[in-house]
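The values are calculated or read from the model by the stated rules, or taken from the named source; none is laboratory data. These numbers were taken from a predicted model, which means no experiment stands behind them. Positions of Cβ are backbone-derived with ideal geometry, glycine not excepted, and every protein chain shown enters the neighbour counts.
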Ligand code: SF4
Ligand code: SF4
């Protein structure tokens, strides 16, 4: 456990929250099997979402504290009718604004309105390069629409930024995925392997790629990097399970990122609400400055003062800050443990076993659980 003495001895300097992630809604027409929204997202319906005035206040307070980048995310942020108003205020305040979207709802009229509101950047997600798998993984018929939205993004003068979450079922299509991004004129393609939280954790045995798949995908990406000669930037993120070393999650707890969820809960990372024994403040009750600097939720895992062995005496502790707290909780049932992807963790065998099972093709018989309100309610034990 943290003690006030330990925390004071290594109290980190608190800078500004540079990145505000506004998760304006959990409503989403897609049902992706790897979604990072919480399993109980259905408990936060339209009626529980922050009002327009609440969001405008959050934007102003976070900007006053030093935030420079604002991402509008969800769910599908275009489900909010007031998105243009929020983007316009964020632009007026001087944020660099991003829209992270599935593309559903980005009609020509809304694209024009968002452009007029000052939106700087759109990130469009695809599930795969084939209609069949794109539509299967999202449980919707959205492949053609996403292609049209890709063209619309270019037509409105935004840089074309594409994101594809990779996993066992689509990673072997990476060559075609990159070719599709090139054909759509993407300037930047994020090939982010799924990390295993929330719905992806629930479906991990079906989604974790084999070691060979990762190696092949990295080789294909490298070959494309040479072929493209800088015309499109490719960003490949391997799964933590295969990396064999922990990452400085969110660039450090309460260090750069401030996430506000649809009901106003403020989090240092978008999955942190799962952690037990920790209460997170709500923007309906507290100002952003108090939340960022003084709340228990944002201070508990800041810096290194909370660590125990093996992290506390590790020479790499400043480099990775002990890795991801959510992964420690999910795999070691202890949010204060070293991230089990670290070979020094006493729980590392679990990660190795999952990778070995993936390599051996075991454990993929169960059906995938799609992220939809019915499954969410059933996971919460609530009636349909
Ligand atoms: S991952 Fe899929 S289901 Fe989840 S918010 Fe994004 S588009 Fe919607
Ligand atoms: S023991 Fe802890 S601090 Fe050291 S590398 Fe592993 S996770 Fe990082």
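Quick notes on this structure:
- Test result for residue 237, within 16 Å of ligand 1 (Cβ to nearest atom), surrounded by fewer than 18 Cβ atoms within 10 Å (Cβ to Cβ) and touching a residue at least 24 places away in the same chain (Cβ under 8 Å): yes
- Restricting 87, 58, 24 to residues that are closer than 28 Å to residue 368 by Cβ and surrounded by 22 or more Cβ atoms within 10 Å (Cβ to Cβ) narrows the list to 24.
- Test set (1) part of a helix (DSSP H, G or I); (2) over 28 Å from residue 75 (Cβ atoms) - residue 250 fails condition number: (2)
- Among the residues of segment 192-229, those identified as assigned to a helix (DSSP H, G or I), farther than 21 Å from residue 358 by Cα and without any contact (Cβ under 8 Å) to a residue 12 or more places away in the chain are 222, 223, 225, 226, 227.
- Residue within segment 362-376 that is over 20 Å from the mean Cα position of the chain (by Cα) and assigned to a helix (DSSP H, G or I) present: yes
- Odd one out for residue 178, checked against (1) out of contact with any helix residue (DSSP H, G or I) (no Cβ under 9 Å at 6 or more places or on another chain); (2) farther than 21 Å from residue 359 by Cβ: (1)
- In summary, residue 285 fulfils each of the numbered conditions (1) touching a residue at least 24 places away in the same chain (Cβ under 8 Å); (2) within 27 Å of residue 300 (Cβ to Cβ); (3) surrounded by fewer than 14 Cβ atoms within 10 Å (Cβ to Cβ) with the single exception of condition (1).
- Selection within segment 39-75 - within 11 Å of ligand 1 (Cβ to nearest atom) and assigned to a loop (DSSP other than H, G, I, E, B): 74, 75
- Any chance residue 262 is at pLDDT 95 or above, buried (at least 19 other Cβ atoms within 10 Å of the Cβ) and under 28 Å from residue 322 (Cβ atoms): no
- Restricting attention to segment 230-247, the residues that are in a loop (DSSP other than H, G, I, E, B) and away from ligand 2 (no atom under 14 Å from the Cβ) add up to 5.
- In this structure, residue 308 does not satisfy being farther than 26 Å from residue 167 by Cβ and within 9 Å of ligand 2 (Cβ to nearest atom).
- Screening residue 47 against (1) more than 23 Å from the chain's Cα centre (by Cα); (2) in contact (Cβ under 8 Å) with a residue 12 or more places away in the chain leaves a single unmet condition, (2).
- Checked against the criterion of being within 12 Å of ligand 1 (Cβ to nearest atom), crowded, with 22+ Cβ neighbours inside 10 Å and either modelled with pLDDT under 95 or part of a strand (DSSP E or B) (or both), segment 155-166 contains one or more residues that satisfy it.
- In segment 314-336, the qualifying residues are those that are free of Cβ contacts under 8 Å to residues at least 12 places away in the same chain and farther than 13 Å from residue 248 by Cβ, and the one that is nearest to ligand 2 (Cβ to nearest atom) is 315.
- Odd one out for residue 10, checked against (1) surrounded by fewer than 15 Cβ atoms within 10 Å (Cβ to Cβ); (2) modelled with pLDDT under 95; (3) away from ligand 2 (no atom under 16 Å from the Cβ): (3)
- Some residue of segment 346-362 being at positive phi and surrounded by 15 or more Cβ atoms within 10 Å (Cβ to Cβ): no
- With respect to (1) more than 16 Å from ligand 2 (Cβ to nearest atom); (2) over 17 Å from residue 75 (Cα atoms); (3) modelled with pLDDT under 95; (4) in contact with a helix residue (DSSP H, G or I) (Cβ under 9 Å, 6 or more places away or on another chain), the lone exception for residue 195 is condition (1).
- Any chance residue 119 is in contact with a strand residue (DSSP E or B) (Cβ under 9 Å, 6 or more places away or on another chain) and more than 16 Å from ligand 1 (Cβ to nearest atom): yes
- Residue in segment 326-337 that is surrounded by the most Cβ atoms within 10 Å (Cβ to Cβ), counting only those that are touching a helix residue (DSSP H, G or I) at 6+ places or on another chain (Cβ under 8 Å) and within 13 Å of residue 240 (Cβ to Cβ): 327
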